[in-house]
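Undergrad: Pasting in a structure now, in structure tokens, and then I'll have a few things to ask.
The values are calculated or read from the model by the stated rules, or taken from the named source; none is laboratory data. Nothing here was measured: the structure is a model prediction, and the numbers come from that model. Every residue, glycine among them, receives a Cβ derived from its backbone with ideal geometry; neighbour counts consider all protein chains shown.
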Amino acid sequence: MDRAVKRVQRAVAIAAALAGAGVAACGANAGKPLPSEARGSTWDVHSSELAGRDLVSYRALRRSDFRAKLPPPQARAAADRLGAATCSYLVPDRETFQIRANPRQRGDGWEYVAEAEGLRFSAAMDRGCSWWNPSQRALPADYVLAHEQIHFALTEIHARELNQRGAEIVRETRAVHRDPQAAIAETTRKIEALLREESKALLARNDRFDADTSLGHRPDAQRAWQRRVEKELAETARFASGARP
């Protein structure tokens, strides 16, 4: 009996923006909730939309990686108060990831068990969407770049944490149905729901980072976050998308 195969065509994206001069710049605001104009945002993006984009996998960022002429639409209302905006995506590996429905006999008929195969996640920065504010002078450029690097690192850490949970995710998103396409559709919905929940958690951590570091120039706080994410990257290195088991 033929196996039914369908590829997942959805990823979840997160944009994280640095709050620059003019957004609650007083040091007394450290650790307080971010004003709405300083927050990041999330949105769904179809994987087919990523095919022609200028994406880079996780690595050290350079000023030249910020190639957008305008900030992302979600950040434009506060563009004059931002140092930069980074668009980073949390995506499944498009080369290996598929959902396959395998048949198994049940009584006098058949049912199909759908589950993810080759499920690996990674972070990707969209250089054509990421923007650097050329007019911002209140914060040093190296501070802004280090800030955006941490946002990118947080996305990569969440991708690695998903990879670490790979076997668990496959079990949790498995679906059984008499119709193979219905089984595949259910598994697809479960994975999309997982990604949306993960993007919410990632956005919340980005906002905590911004609350500690964005509302003014706080190099000590930012260095503490940098040490934290570097430690987490080292601890999760074996779960990076390209890492060998």
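Undergrad: Return yes or no: is A146 touching a helix residue (DSSP H, G or I) at 6+ places or on another chain (Cβ under 6 Å), modelled with pLDDT of 90 or more, within 28 Å of A79 (Cβ to Cβ) and not charged (D, E, K, R)?
TA: Taking the combined requirement at face value, the residue does not satisfy it.
Undergrad: Let me ask something additional. When the residues of the range 34-73 are narrowed to those that are part of a helix (DSSP H, G or I) and under 19 Å from F209 (Cα atoms), which ends up modelled with the highest pLDDT?
TA: Of everything passing the filter in the range 34-73, S36 is modelled with the highest pLDDT.
Undergrad: If you don't mind, another one. Here are E186, E198: which of them is of a type in the set (D, E) and farther than 23 Å from Y58 by Cα?
TA: Of E186, E198, the one residue that is of a type in the set (D, E) and farther than 23 Å from Y58 by Cα is E186.
Undergrad: Follow-up. Residues in the range 140-151: is at least one assigned to a strand (DSSP E or B) and either among the basic types (K, R) or touching a Phe, Trp or Tyr at 6+ places or on another chain (Cβ under 9 Å) (or both)?
TA: No, because not a single residue in the range 140-151 is assigned to a strand (DSSP E or B) and either among the basic types (K, R) or touching a Phe, Trp or Tyr at 6+ places or on another chain (Cβ under 9 Å) (or both).
Undergrad: Another question about this same structure. Which members of the range 206-217 meet the condition of being in contact with a helix residue (DSSP H, G or I) (Cβ under 8 Å, 6 or more places away or on another chain) and either of a type in the set (G, A, S) or crowded, with 19+ Cβ neighbours inside 10 Å (or both)?
TA: Within the range 206-217, N206, F209, D210, T213, S214, L215, G216 meet the criteria.
Undergrad: Which count do you get for residues in the range 51-60 that are surrounded by fewer than 22 Cβ atoms within 10 Å (Cβ to Cβ) and in contact with a strand residue (DSSP E or B) (Cβ under 8 Å, 6 or more places away or on another chain)?
TA: Within the range 51-60, residues that are surrounded by fewer than 22 Cβ atoms within 10 Å (Cβ to Cβ) and in contact with a strand residue (DSSP E or B) (Cβ under 8 Å, 6 or more places away or on another chain) number 5.
Undergrad: Of the residues E172, E161, which is surrounded by fewer than 20 Cβ atoms within 10 Å (Cβ to Cβ), acidic (D, E) and either within 21 Å of V113 (Cα to Cα) or in contact with a strand residue (DSSP E or B) (Cβ under 8 Å, 6 or more places away or on another chain) (or both)?
TA: Answer to the selection: E172.
Undergrad: Ok, one more. Can you pull out the residues in the range 221-245 that are exposed (fewer than 14 other Cβ atoms within 10 Å of the Cβ) and under 17 Å from H151 (Cα atoms)?
TA: R223, A224, R227, E230, K231, A234
Undergrad: Can you tell which of Q164, Q136, Q226 is closer than 23 Å to D65 by Cα and at pLDDT 90 or above?
TA: Q226
Undergrad: Filter the range 120-132 down to the residues that are at pLDDT 90 or above and not in a strand (DSSP E or B), then identify the one that is surrounded by the fewest Cβ atoms within 10 Å (Cβ to Cβ).
TA: Of everything passing the filter in the range 120-132, G128 is surrounded by the fewest Cβ atoms within 10 Å (Cβ to Cβ).
Undergrad: List the pairs whose first member sits in the range 46-75 and is free of Cβ contacts under 8 Å to residues at least 12 places away in the same chain and more than 23 Å from E192 (Cα to Cα), whose second member is in a helix (DSSP H, G or I) and among the aromatic types (F, W, Y), and whose Cβ atoms are under 9 Å apart, counting only residues at least 6 apart or on separate chains?
TA: Matching pairs, first to second residue: R59/F152.
Undergrad: Give me a count of the residues in the range 204-244 that are over 18 Å from A60 (Cα atoms) and in contact with a Lys or Arg (Cβ under 8 Å, 6 or more places away or on another chain).
TA: Adding up the residues that qualify gives 6.
Undergrad: Next question. Quick one: which of E115, E95, E156, E148 is under 21 Å from A240 (Cβ atoms) and out of contact with any strand residue (DSSP E or B) (no Cβ under 6 Å at 6 or more places or on another chain)?
TA: E95
Undergrad: Give the residues of the range 76-110 that are in a strand (DSSP E or B), of a type outside the set (A, V, I, L, M) and touching a residue at least 12 places away in the same chain (Cβ under 8 Å), sorted by residue number.
TA: Answer for the range 76-110, where residues must be in a strand (DSSP E or B), of a type outside the set (A, V, I, L, M) and touching a residue at least 12 places away in the same chain (Cβ under 8 Å): G83, T86, C87, S88, Y89, P92, Q98, R100, N102, P103, G109, W110.
Undergrad: Could we say that G166 is under 17 Å from Q98 (Cα atoms) and under 20 Å from the mean Cα position of the chain (by Cα) here?
TA: yes
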